[in-house]
Amino acid sequence: MNDTSPGSRRPVASGRALTGDPSGRLSLARRYNALLGGKDNQAVDRRSAHALAEVFPGAVAAAIENRRFLRRAVAALAKAGVSQFLDVGCGLPHEPTVHEVARQVVPGARVVYVDNDPLVLAYARALMHSPGATGHILADLDDPETILDHPQLGVLDLAQPVALLAVGVLHFLPVPYPALARLRDALAPGSYMAVTHHSHDHLPADVAERLTALTGPGGGHGPLYPRTRADVVRLLDGDGWEVLAPGVVPVRRWQPRRYPEPDPDGPQTALYAGVAHRP
């Protein structure tokens with residue numbers, strides 16, 4: 001039976017035991033899986049998901065909308081002619097995967113998945129594998145040279161346009177700009193970059209304060225480094241890159257689909273989203 005997340009109408013999944021990680025430590029990827037209603041998580045991850053949802057009622061909605069944005073962005077970029085994707089901070093597999101979404105538009109699309117969690121990569125190799133068309137790299141976004149020098153990156157042709165996906169990952173880094181700049185500078189003209197990022201811009205002060213206490217040093221549920229809209233624009237813009245319409249916007253306002261409920265603004269998901277292009 002599923003547990004009900006405090007402050008949310010959606011469930012945090014009850015989970016199942018995972019092999020390969022007896023440490024009992026919180027995993028950000030497994031917590032995201034729990035917020036999405038998945039089963040690949042442990043009790044420590046579900047406790048953290050509940051704690052987040054109690055102080056920030058939009059936590060479950062943010063996870064869901066983050067994943068929906070990823071699918072919309074991949075489909076849009078594939079329709080724009082991109083056939084190569086570099087998914088950094090890919091997390092545990094959720095269907096449809098990036099390569100499944102891309103191949104609905106471009107049958108020969110190739111994807112390299114990157115994550116710093118060995119268990120995530122084990123699952124990715126098992127469930128997001130297509131010989132010659134997918135690669136898997138164990139590396140941290142904060143170590144771009146490991147990514148760029150890895151043999152598995154050879155699945156992609158960096159002389160041709162690539163879509164760099166940094167969705168739901170940059171807010172875990174204290175200083176993401178140099179690493180992201182190194183990766184995007186390695187991409188050919190015609191490439192794209194899609195990001196989402198957590199922000200406190202529109203959160204009530206008391207919610208932001210409690211969330212900071214929970215995810216800051218000593219809080220036990222971090223790290224989390226919220227940034228302003230201007231900061232997120234800086235991540236995408238400049239050095240020959242141009243932010244595409246509709247700009248950096250609350251996540252559900254980036255090429256939104258129709259929803260039966262009213263379109264929530266930043267206070268409910270606290271995520272900005274944007275896509276940039278290197279002409």
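Evaluating P178 against the criteria (1) under 20 Å from the mean Cα position of the chain (by Cα); (2) over 25 Å from R67 (Cβ atoms); (3) open to solvent by less than 30 Å² (accessible area, probe 1.4 Å) leaves one unmet condition, (3).
Only one residue in R253, R234 is open to solvent by 70 Å² or more (accessible area, probe 1.4 Å), of a type in the set (D, E, K, R) and at pLDDT below 95, so which one is that? So the residue among R253, R234 that is open to solvent by 70 Å² or more (accessible area, probe 1.4 Å), of a type in the set (D, E, K, R) and at pLDDT below 95 is R253. Residues of segment 235-254 that are in a loop (DSSP other than H, G, I, E, B) and not hydrophobic (A, V, I, L, M, F, W, C): D237, D239, G240, P246, G247. The numbered conditions (1) among the polar types (S, T, N, Q); (2) surrounded by 23 or more Cβ atoms within 10 Å (Cβ to Cβ); (3) within 22 Å of G58 (Cα to Cα) are all true for S191 except (3).
Those residues that are of a type outside the set (D, E, K, R) and either open to solvent by 30 Å² or more (accessible area, probe 1.4 Å) or in a loop (DSSP other than H, G, I, E, B) (or both), I need them from segment 194-212; list them, please. Please lay out each step first, then the result.
Filtering segment 194-212 down to residues of a type outside the set (D, E, K, R) leaves 194-200, 202-205, 207-208, 211-212.
The answer is S199, H200, H202, L203, P204, A205, T212.
The residues on offer are V111, V120, V98, and the sole one that is within 14 Å of the chain's Cα centre (by Cα) and under 14 Å from L164 (Cα atoms) is V98.
Looking at segment 162-175, which of the residues that are of a type in the set (A, V, I, L, M, F, W, C) and open to solvent by 10 Å² or more (accessible area, probe 1.4 Å) is nearest to the chain's Cα centre (by Cα)? So that I can check it myself, show each step before the final result.
Step one: list which residues in segment 162-175 are of a type in the set (A, V, I, L, M, F, W, C), which gives 162-167, 169-170, 172-173, 175.
Subset that is open to solvent by 10 Å² or more (accessible area, probe 1.4 Å): 167, 169, 172-173, 175.
On the way: V167: 3, V169: 5, F172: 10, L173: 13, V175: 17 Å.
In this case the residue turns out to be V167.
Residues that are among the β-branched types (V, I, T), touching a residue at least 24 places away in the same chain (Cβ under 8 Å) and more than 24 Å from G274 (Cα to Cα) occur in segment 42-64; there is at least one.
Restricting the first member to segment 193-210 and to residues that are more than 30 Å from L158 (Cβ to Cβ), and the second to residues that are at pLDDT 95 or above and of a type in the set (S, T, N, Q), the beta-carbon pairs closer than 9 Å and six or more apart or on different chains are S199/T228; H200/T212; H200/T228; D201/T228. Scanning segment 134-155 for residues being within 20 Å of the chain's Cα centre (by Cα) and over 15 Å from L180 (Cβ atoms) gives a total of 6. For D157, the test of being surrounded by fewer than 20 Cβ atoms within 10 Å (Cβ to Cβ), assigned to a loop (DSSP other than H, G, I, E, B) and either out of contact with any helix residue (DSSP H, G or I) (no Cβ under 9 Å at 6 or more places or on another chain) or basic (K, R) (or both) is passed. Apart from one condition, P223 fits all of (1) open to solvent by less than 10 Å² (accessible area, probe 1.4 Å); (2) touching a helix residue (DSSP H, G or I) at 6+ places or on another chain (Cβ under 7 Å); the exception is (1).
The values are calculated or read from the model by the stated rules, or taken from the named source; none is laboratory data. Note that the structure is a prediction, hence the values are computed from the model and not measured. Positions of Cβ are backbone-derived with ideal geometry, glycine not excepted, and every protein chain shown enters the neighbour counts. Quick note on the areas: whole protein, heavy atoms, side chains included, nothing else; ligands and nucleic acids left out. Shrake-Rupley method; radii C 1.70, N 1.55, O 1.52, S 1.80 Å.
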